[in-house]
Every structure is written in structure tokens, then in C-alpha cells.
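Asks: Okay, here's the structure, questions in a sec.
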Amino acid sequence: CDWSWCRQPAAGPVAEADMKLLQLGWCSAARHRLAQASARLICSQLRTFSAVPDEKKRFLKEGPDLQEFLSGELSDKKSWEEYKGNLKRQKGERLRLPPWLKTEIPLGKNYNKLKNTLRNLNLHTVCEEARCPNIGECWGGGEKGTATATIMLMGDTCTRGCRFCSIKTSRNPPPLDPDEPFNTANAIAEWNLDYVVLTSVDRDDLPDGGAKHFAATVSHLKGRHSKIIVECLTPDFRGDLKAVETVAESGLDVYAHNVETVRELQRTVRDPRAKFDQSLSVLKHAKKVKPSLLSKTSIMLGLGETDEQVYATLKELREAGVDCVTLGQYMQPTKRHLKVDEYITPEKFKYWENVGNELGFLYTASGPLVRSSYKAGEYFLKKLLNERTPEMS
């Protein structure tokens with residue numbers, strides 16, 4: 001008996017009985033049964049492969065190329081209209097990303113320029129910290145040529161812990177950088193941006209929540225580049241309306257503060273210190289202090305809200321005098337954060353855009369990849385503000 005053959009792994013499934021035959025030295029019987037099993041397995045594989053379409057055979061043989069990963073069309077090359085995957089999460093399930101939420105890898109000259117300047121000046125952007133899917137599009141300028149970036153002031157560590165947000169948290173973040181307002185103005189002058197969004201982490205450890213830091217940054221920016229449009233996406237300053245006034249009177253053009261989700265899901269989604277009515281009072285007071293400001297807020301969808309709740313929230317925001325609203329898909333940043341309850345289709349987002357326009361918002365940006373700071377919306381706001389300026393002078 002050639003035991004060296006018996007010790008080699010078989011080409012097909014080997015039953016426990018066959019292994020016993022091999023151990024007893026009954027090699028001819030074992031070989032015969034192994035040959036039959038291998039033949040059955042090979043025939044089965046050939047039948048399966050012959051049933052596969054030619055395009056699929058090529059794909060299996062050659063594998064995907066880089067362009068297929070970049071285009072987001074790797075999965076059977078189906079368009080989003082034909083997507084049959086689950087959009088609503090069942091208990092214990094984690095939804096797969098539908099094709100309309102897949103974006104290109106950020107590339108380009110302007111993208112690299114912005115990234116390098118940020119590192120050199122020790123500045124942070126919410127685009128990077130919050131892992132925004134639109135970073136390549138916004139930093140690159142896009143078809144309308146309005147290059148935008150969202151600078152995150154007061155460091156990269158927040159004193160709150162919202163369950164949707166991937167930004168670092170701490171009760172005692174590092175102290176403010178006194179040079180940050182000046183450095184931010186210098187960086188933006190280098191980038192030649194048309195529109196800049198200044199946002200920040202929550203700094204409940206500071207007496208004014210960082211309002212004066214915001215105001216100083218706006219002042220430096222307008223001093224260096226008077227025509228640039230500045231949007232401030234602020235925290236709620238713990239409801240301190242004096243802090244809201246400080247920012248509203250700093251020379252900015254757009255005052256933004258996000259309610260994040262519908263009234264009914266506030267406690268589930270946001271830090272307990274953030275409340276819907278508190279956010280609403282911030283938006284109202286900014287307009288009261290300076291009526292010429294555009295006010296703006298944002299809502300995430302896909303967290304378990306109902307259509308009735310979304311409509312009621314939009315209606316309440318409009319009645320509070322909010323000018324602009326953005327609606328986008330919530331995307332789970334890490335496994336430690338809230339799971340996506342549902343992926344909203346592009347048609348549904350279009351429906352909410354129409355609802356927003358009917359309610360009287362000056363601008364409603366609604367789409368799966370729309371974020372509170374989004375290039376397409378900023379192009380529109382730039383145009384709107386430029387049209388408003390002659391009327392007010």
C-alpha cells in the first residue's frame with residue numbers, strides 16, 4: 001500500500017467511514033469511494049458554472065477592477081431603482097449600504113491643498129472628524145465652482161456625547177487655542193473659498209460656550225476677505241441667549257443650528273442636555289437680534305421617525321421663522337453608535353423637498369447625501385445673499 005497517497009488531503013469531501021478504511025489499510029476501497037465523491041463534486045461545480053451568465057463568468061475569473069469600486073456599482077451593476085435589499089432594519093439586523101449612498105474616493109488638487117493647509121495650521125474640519133461622505137465634492141468645488149469647507153473651531157473634543165456623532169468626547173477638553181481665529185482667517189485666505197462654514201464642538205466647560213471665540217473668528221475672516229460668505233453652525237450654548245447674540249452680531253451671513261431629529265426622538269438621539277425647544281429658541285433669537293440673517297437647520301432621517309413626525313417638525317421650524325432646512329440620511333459612523341433604522345429612498349427625499357418648498361422655506365436641500373453643510377446648498381445661499389444685499393442697502 002502507498003501510504004504517502006493516503007496521507008494527502010483528498011480533492012473532495014471525505015466521510016468519517018472513509019477515514020477509518022484508510023486507517024485500517026483498505027486503500028483500494030477507500031480510493032474507489034473517494035473517486036466517486038470527487039467526481040460528483042466536480043460535476044456539480046461544472047453544472048453551476050455553466051448556468052452562470054458570460055458576464056458573471058468573466059467577473060469571477062478576472063475579479064473586479066478599481067473603477068468598479070470607485071463607481072459604487074460592484075454589486076451586480078444594478079441601478080438604485082432596481083435595488084431589492086432591505087431598507088428597514090429588523091431586530092438585531094445591521095442594514096447593508098444601498099448603492100445610492102456609495103461615493104467616490106476623495107481626490108483632486110484642491111482637496112489635497114486644503115488637507116495640507118489644515119495640518120500645517122493645526123485646524124480641524126467637521127468634514128473629516130464626522131466622516132462626511134461629501135468631502136471630495138465640497139473641497140474640490142464641484143460643477144458650480146463654489147469650493148467650501150467646514151472648519152471646526154475650539155478643538156476636536158466635545159463635552160457632549162450624542163449617539164449619532166463620531167467626534168471625541170471628554171468632560172475636560174484641552175483649553176482653547178488663542179491663535180485659532182487668526183490662523184483660520186489665514187488658511188481661508190489661502191484657499192480662495194467663496195463660502196465657509198464655521199462650526200464647533202460643544203464646550204459646556206466654558207462660561208460662554210465659546211461664543212466670543214466664534215465672533216473673533218468671523219471678525220478676522222471678514223477683515224481679510226470682506227466678500228466671503230460666512231455661515232456659523234453653532235451649539236445651543238446651553239440655552240444662553242446672550243451667547244447667541246454675540247455670534248449673531250459678529251458679522252456672519254447665515255446662522256445655523258441643528259435640531260438633528262424630530263421632537264419625539266431627541267432623548268434617544270442627542271445628548272440629554274440638548275433639547276428641541278432649546279434649539280428652537282436659539283434659531284428664533286438669532287433672527288430676532290438680526291432679522292437680515294438667514295437661519296438654517298438640519299434633520300437626519302432614518303432613525304425611526306414617522307412621516308407625521310417629520311411633517312410636524314418641518315411645520316414647527318417654519319412657524320419659528322427658520323429660512324432654510326436640509327434633510328439627509330443618517331449613516332452609522334461606527335458600530336458603537338446608533339444603528340440605521342431605515343434607508344430612505346431618493347424619491348422620498350424628493351417628496352420632503354417638495355413639502356419644504358410648500359411650507360415656505362426659502363431653500364430646502366433634501367437628499368440621501370445632503371448634510372447641514374453642503375456645497376449645493378451653499379451655492380444657492382450665496383446666490384440668495386448676493387441678491388438680498390442690494391435690496392437692503
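Asks: Restricting attention to segment 244-286, which residues are under 19 Å from Val310 (Cβ atoms), touching a His at 6+ places or on another chain (Cβ under 8 Å) and among the aliphatic types (A, V, I, L, M)?
Replies: Scanning segment 244-286 gives a single hit, Leu283.
Asks: What about Ser219, is it open to solvent by 10 Å² or more (accessible area, probe 1.4 Å), small (Gly, Ala, Ser) and over 24 Å from the mean Cα position of the chain (by Cα)?
Replies: On the way: open to solvent by 10 Å² or more (accessible area, probe 1.4 Å): yes; small (Gly, Ala, Ser): yes; over 24 Å from the mean Cα position of the chain (by Cα): yes.
Judged against the criteria, Ser219 is a match.
Asks: Would you point out which residue out of Ser200, Ser250, Ser279 is open to solvent by 10 Å² or more (accessible area, probe 1.4 Å), at pLDDT 95 or above and either within 21 Å of Ile167 (Cα to Cα) or of a type outside the set (Lys, Arg) (or both)?
Replies: Values: Ser200 fails: at pLDDT 95 or above; Ser279 fails: open to solvent by 10 Å² or more (accessible area, probe 1.4 Å).
So the residue among Ser200, Ser250, Ser279 that is open to solvent by 10 Å² or more (accessible area, probe 1.4 Å), at pLDDT 95 or above and either within 21 Å of Ile167 (Cα to Cα) or of a type outside the set (Lys, Arg) (or both) is Ser250.
Asks: Filter segment 308-348 down to the residues that are open to solvent by 20 Å² or more (accessible area, probe 1.4 Å) and hydroxyl-bearing (Ser, Thr, Tyr) and list them by number.
Replies: Within segment 308-348, Tyr311, Thr334, Thr345 meet the criteria.
Asks: Could I ask something else about it? Answer with yes or no whether Thr313 is part of a strand (DSSP E or B) and either closer than 20 Å to Pro346 by Cβ or touching a strand residue (DSSP E or B) at 6+ places or on another chain (Cβ under 8 Å) (or both).
Replies: For Thr313, the condition - part of a strand (DSSP E or B) and either closer than 20 Å to Pro346 by Cβ or touching a strand residue (DSSP E or B) at 6+ places or on another chain (Cβ under 8 Å) (or both) - is not met.
Asks: Hey, another quick one. Just checking, does segment 291-307 include any residue being open to solvent by 10 Å² or more (accessible area, probe 1.4 Å), under 20 Å from Val197 (Cβ atoms) and outside any strand (DSSP E or B)?
Replies: Among the residues of segment 291-307, at least one is open to solvent by 10 Å² or more (accessible area, probe 1.4 Å), under 20 Å from Val197 (Cβ atoms) and outside any strand (DSSP E or B), which makes the answer yes.
Asks: For a quick check of your reading of the model, give me the residue pairs whose first member lies in segment 220-234 and is under 12 Å from Gly251 (Cα atoms) and among the basic types (Lys, Arg), whose second is buried (at least 17 other Cβ atoms within 10 Å of the Cβ) and at pLDDT 90 or above, with beta-carbon atoms closer than 8 Å and at least 6 apart or on different chains.
Replies: Qualifying pairs under 8 Å: Lys222/Val230.
Asks: Being touching a Gly at 6+ places or on another chain (Cβ under 9 Å) and open to solvent by 10 Å² or more (accessible area, probe 1.4 Å) is the filter here; which residues of segment 182-197 pass it? Give the steps one after another, and end with the answer.
Replies: Filtering segment 182-197 down to residues touching a Gly at 6+ places or on another chain (Cβ under 9 Å) leaves 185, 194.
Within segment 182-197, just Asp194 meets the criteria.
Asks: Please go through segment 222-243 and give me each residue that is of a type outside the set (Gly, Ala, Ser), buried (at least 24 other Cβ atoms within 10 Å of the Cβ) and assigned to a helix (DSSP H, G or I), ordered by number.
Replies: Phe237, the sole residue that qualifies.
The values are calculated or read from the model by the stated rules, or taken from the named source; none is laboratory data. Note that the structure is predicted; figures quoted are calculated from it, not measured. Counting neighbours? That spans all protein chains shown, and the Cβs are built from the backbone with ideal geometry, glycine included. Areas reflect the complete protein model, heavy atoms only, side chains present, ligands, DNA and RNA absent. Shrake-Rupley method; radii C 1.70, N 1.55, O 1.52, S 1.80 Å.
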